[in-house]
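Report on one structure; see the data block that follows.
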Amino acid sequence: MEAQVEAGAYRPYREVLDDAGVRVLASLGLDAPSPLPASLPAWRAFPEVPAALAELRRRGRRIAILSNVDRDLIASSLPQLRLEPDLAVTAQDCGSYKPASRHWRMFSERSGAGADVTVHVGASQYHDMRPAASLGYRTVFVDRHGEKLETSPTRVIGDLATLPDVIDELARA
């Protein structure tokens, strides 16, 4: 439902979550407001994420976040990572949602880094792997659920614990 809502004209992510949540509840026969917009600031990072990001930074890697949320929502999530990214590109910045290519174009413009020196890491084949690969990025798919691969990521990992070593390996290739 979220992808259907995001496919239209840009709207703030709270509205996307509200609309998608109401649609899901309606599909279950419930007429209720969506709890999703108010819950997002409480969404937690997976347990290994702060350590993996810290290790990437310790190894001299720059970290950018390309997110389908808006600036206020990402600001509420960043403290959980215990790391300030070098760059964050949000849907609000782009006026669109991934898989549209504006996130990657804005990332390239703001960072000066192209696909040849960047690895895109994500947990969605639809939002991340397919569009990043089509733009020439090497990709690491974080497959926490044993999904059937519909894309051809450069690497597949089960969580971020091994990401620093994978990034080092890709940098040597």
Here FRET efficiency (C-beta to C-beta, Trp43 to Arg110, R₀ 22 Å, nearest 0.05) is 0.30
Share of accessible surface on carbon and sulfur in the chain, whole %, 1.4 Å probe and ligands ignored, is 54 percent
Rounded to whole Å², per residue accessible area for segment 57-170 with a 1.4 Å probe reads 50 Å²
Protection proxy (average C-beta count within 10 Å per residue), highest first, orders 26-37, 115-126, 88-99, 4-15 as 88-99, 115-126, 4-15, 26-37
Expressed in angstrom and rounded, the centroid-to-centroid distance over alpha carbons for segment 126-141 and segment 1-69 is 19 Å
Cα-based Debye curve of segment 123-173 sampled at q = 0.15, 0.17, 0.24 Å⁻¹ gives log₁₀ I(q)/I(0) of -0.38, -0.48, -0.92
Calculated from DSSP helices alone, with each H run of at least 4 adding -39500 (n - 2.57) and the total divided by the residues of the chain, [θ]222 nm to the nearest 500 comes to -11500 deg cm²/dmol
Between Leu83 and Ser134, the two model label points (7 Å from Cα along the beta-carbon direction) sit apart by a distance in nm of 2.9 nm
Mean shadow area (nm²) of the C-alpha convex hull around the chain is 10.2 nm²
Expressed in square angstrom to the nearest 10, the accessible area of Ile74 with a 1.4 Å probe stands at 10 Å²
Per principal axis, largest first, the Cα atoms of segment 14-60 extend in Å by 50, 18, 14
Taking the reciprocal of mean 1/r across every pair of different Cα atoms in segment 33-107, the Kirkwood radius in Å is 13.4 Å
For the Ser76, Glu169 Cβ pair and Förster radius 30 Å, calculated FRET efficiency rounded to 0.05 is 0.35
Relative contact order as a percentage, segment 125-173, C-alpha pairs under 8 Å and 6+ apart, gives 31 percent
For the chain the mean separation of alpha carbon contacts under 8 Å (6+ apart) over residue count, i.e. relative contact order in percent, is 16 percent
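The values are calculated or read from the model by the stated rules, or taken from the named source; none is laboratory data. As the structure is a prediction and not an experimental result, all values here were calculated from the model. Virtual Cβ from ideal backbone geometry, glycine too; neighbours counted across all protein chains shown. For accessibility, only protein heavy atoms count, side chains too; no ligands or nucleic acids. Shrake-Rupley method; radii C 1.70, N 1.55, O 1.52, S 1.80 Å.
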